[in-house]
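Read the structure below first, then the notes.
Please treat every number below as a calculation from the coordinates, not as lab data. Keep in mind the model is a prediction, meaning the values are calculated, not measured. Here Cβ is always computed from backbone atoms with ideal geometry, including for glycine, and neighbour counts include all displayed protein chains.
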């Protein structure tokens, strides 16, 4: 790694402009998993947004114009998901990185690690990045084939909860799932919902009735020039970004952080799968065209 004048914590996040408390050394021995990566995130030097949203809360896309106005989204915490994703002009091979670190934007320290055992498998587990022994907080199992939905498991043992991530329709990238916190939907925000400088905005909403008209935004993944992972571009698929959350509406908890992070990673995995499928089609078309 090239020499730099910035001060770094374990995990590779530059600590310039961060609070002095974030530069304290990590206590206790660290899991070897925390040493499996070394990328830096310059954008974490920016101040974490806690009082204003990165989207215009009063803007509603035309496709959702029949829905009642939603309250402003005021994130109270945020994480940075660090993965470069899949570039557009690449071979349709699985991602090389087996570990995706997820950092606190306040301290610059890793909070979670998403770990795969091998490149050929999408199965992963979400672990505590600072535990001395691997503490599995959640896991996701993928099954190959049509109609095989990813299964997310929150927790371990008899108290663990499992639920499926289901595509909303054949033509939609949105997914829905139901867990002990209620029914939720991950969707892609329309152009009018995105602020300037935001390339893609993934939104997680709790749906409080069968018609889907009562929605509460609990999280959003913001990807733009200042928030996406180093090594990725606006055309990358499955790349990381700033995960902003509001897990409590003042009247009670809306959802837990592990569920938000695990299901967000499923959305990124689906982006990579779609990109690989498109690359296979492109290569097949080029080969077929060359034959004729």
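General observations
- Length added when fully stretched, residue 249-residue 233, from 0.36 nm per residue minus Cα-Cα: 2.4 nm
- Fewest-first ranking of 81, 154, using other Cβ atoms within 10 Å as the exposure measure: 154, 81
- Which of 118, 269 has the fewest Cβ neighbours within 10 Å, and the rest in rising order: 118, 269
- Residue list for the range 181-216, given a label point 7 angstrom along the Cα-to-Cβ vector of residue 225 and an amide N cut-off under 20 Å: 191-202
- Label-reachable residues, the range 128-168, where backbone N falls under 19 Å from a point 7 Å from residue 118's Cα toward its Cβ: 140-145
- Residues 184, 163, 73 arranged by fewest to most Cβ contacts within 10 Å: 163, 73, 184
- The modelled label-to-label distance between residue 161 and residue 287, using points 7 Å beyond Cα along the C-beta direction, is 4.5 nm.
- Taking label points 7 Å from Cα along the Cα-to-Cβ direction, residue 141 and residue 191 give a separation of 4.3 nm.
- Overall, the ratio between the Cα radius of gyration of the range 164-262 and 2.2 N^0.38 Å, rounded to two decimals, is 1.11.
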